[in-house]
Amino acid sequence: MKAWSAPVVPQFELESPLAPQRLRVHDTSRAQLVEAGPAEGTARMYVCGITPYDATHLGHANTYVTFDLLNRVWRDLGLQVNYAQNVTDVDDPLLERAQATGQDWTELAEDQTQLFRTDMEALRVLPPDNYIGAVESIPEVVALLESMKQTGTIYQLDDPEHPDWYFTCSEAPGFGQVGGLPESDMITRFAEMGGDPERPGKRHPLDCLVWRMAREGEPAWESSLGLGRPGWHIECTAIALDHLGAHFDVQGGGSDLAFPHHEMCAAEGTVATGEPFAAAYVHSGMVALDGEKMSKSKGNLELVSRLRNQGHDPMAIRLALLGHHYRSDWEWDPEDLARAEVRLGQWREAVELTSALDVRPVIEKARMALRTDLDAPTALGLLDGWAQASLTIGGDDTESPALVRDFVDAVLGVAL
Ligand code: 5CA
Ligand code: ZN
């Protein structure tokens, strides 16, 4: 499907010999920092997209800004990036919401996806190269499931009414490594996240649904597995393998997706290709409001669109998000936005100076921070130091203001 339009990104070329020449990020499955992406050529990233039944909240925005930063840091290292993202445009929560509000589910999905695109454009998030809906990827899902059927890694439930198809995930090599949870916790979490550990007839409680046979009143598609629709995890597995190939560099999303979603994707991908699914699983922290994770289902939300309609500069919203390290969990506080507005104003003033302090060593340190687990708060603090000193003490470097403008735009995604 159509992604959103790309912002114009300035070419930023400046040598920083002391900054590491590879990106290191935290891989959830190895619980340590690892090098992500190749030394040269094309890096491949899959980030789990929205389920479009409600507007983009700051938790979503934080996740997509995090992976946009990763994308930009790779580009700053001279890599090409193949970035794929899905839209879960058919799934239970979407169908339930459409039913509750009497809307057509396809219209609800299209409207909310369009609002998401507008929000992402405002936040200057680079669009994915492959933006793929679950509905449009059904042929790829079915092809993947057919190959898994051949190897006996999926099976049909012996249930005369609803003979759905399941994947034998617990037999997959490395199963359990992404989430790192003991089995009893896996079962609890699986149930909390839409899984069905207690369903009779399954070979193992953790086996996950891959093809749901048609139910009265639900959309369904003809396939060799019967009339039905894809399960959630297989959608991301099929889209990632189709657009990125096996053993791509990063699978990303919020930390709520580590288990079961990314665990199941990893298991399906490994079984289907005989290779590891992703080289690293990278997770951004959860943004909370009123003491709880911001979520569409609970309704404790602050929306990007609401803040924009109130007249807040999207660049300040972006800076407010980047002010938190991507792996931390934090609570939205309107004061964060006020502080980001002050910071943005100061940076804008400093890049208007005709001469300033030499920023090259500052950019080198900021790159060092960003290439070491995307430490945006440190990079922002370094730039504050340069801006404040340049505005108060001054400096005689005439190129630095333009260097800052281009660096901040190209790498942090903030247009000054
Ligand atoms: N469509 C699936 C992924 S395939 C899904 O989880 N959709 S979602 O709309 O619920 O979430 C979209 C992305 O936002 C996911 O990466 C999720 O981890 C992230 N996310 C959701 N809530 C929050 C939150 N409160 N804080 C941070 N990230 C969040
Ligand atoms: Zn996903």
Q. Going by alpha carbons, how many degrees (0 to 90, nearest 10) lie between the helix axis of 360-371 and the longest principal axis of the chain?
A. 10
(Q) For region 354-385 and region 297-320, what is the centre-to-centre distance using only Cα atoms, to the nearest Å? (A) 26
Q: May I ask you to list the lysines whose Cα is less than 29 Å away from that of residue 365, ignoring any residue fewer than eight positions away on the same chain?
A: none
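What is the Cα convex hull volume of region 1-154 when expressed per residue in Å³?
Working: hull volume 24.7 nm³, N = 154.
Output value, Cα hull per residue: 160 Å³.
If Rh is defined by the Kirkwood formula over all Cα pairs and Rg also comes from Cα, what ratio Rg/Rh do you get for region 17-56?
Ratio of gyration radius to Kirkwood radius for region 17-56: 1.14.
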**Q.** Rg [Å, one decimal], Dmax [Å, integer] - region 292-412, C-alpha atoms
**A.** 15.9, 54
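When you have a sec, figure out the Kirkwood radius of region 219-371 from all distinct Cα pair distances and drop it here in Å to one decimal? Before the final figure, lay out each step's value.
Details: mean 1/r = 0.0517 Å⁻¹.
Taking every pair of different Cα atoms in region 219-371, averaging 1/r and inverting gives 19.3 Å.
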Q. Once phi is turned into ³J(HN,Hα) by the Karplus curve 6.51 cos²θ - 1.76 cosθ + 1.60 with θ = phi - 60°, what whole-Hz value does each residue of region 346-355 show in order, with x for glycine and proline?
A. 5, 5, 5, 5, 5, 6, 8, 5, 7, 8
**Q.** Interchain or long-range residues, amide H under 5 Å from residue 327's placed H
**A.** 285
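Which loop GluC sites (Glu not before Pro) in region 54-162, with loop taken from DSSP, have no more than 16 other Cβ atoms within 10 angstrom of their Cβ?
On the way: sites: 96, 107, 110, 121, 136, 140, 146, 161; in loops: 161.
For GluC sites (Glu not before Pro) across region 54-162 that sit outside H, G, I, E and B with at most 16 neighbouring Cβ atoms in 10 Å, the list reads 161.
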Q: Could you work out which residue, out of 184, 137, 297, moves most in a Gaussian network model of the chain, that is, has the largest mean-square fluctuation with Cα springs under 10 Å?
A: 184
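Readers should treat all values here as calculations from the given coordinates under stated rules, not as data from a laboratory. Computed from a predicted model, the values in this text were never measured in an experiment. Heads up, the Cβs are rebuilt from the backbone with ideal geometry, glycines too, and the neighbour counts pull from every protein chain shown.
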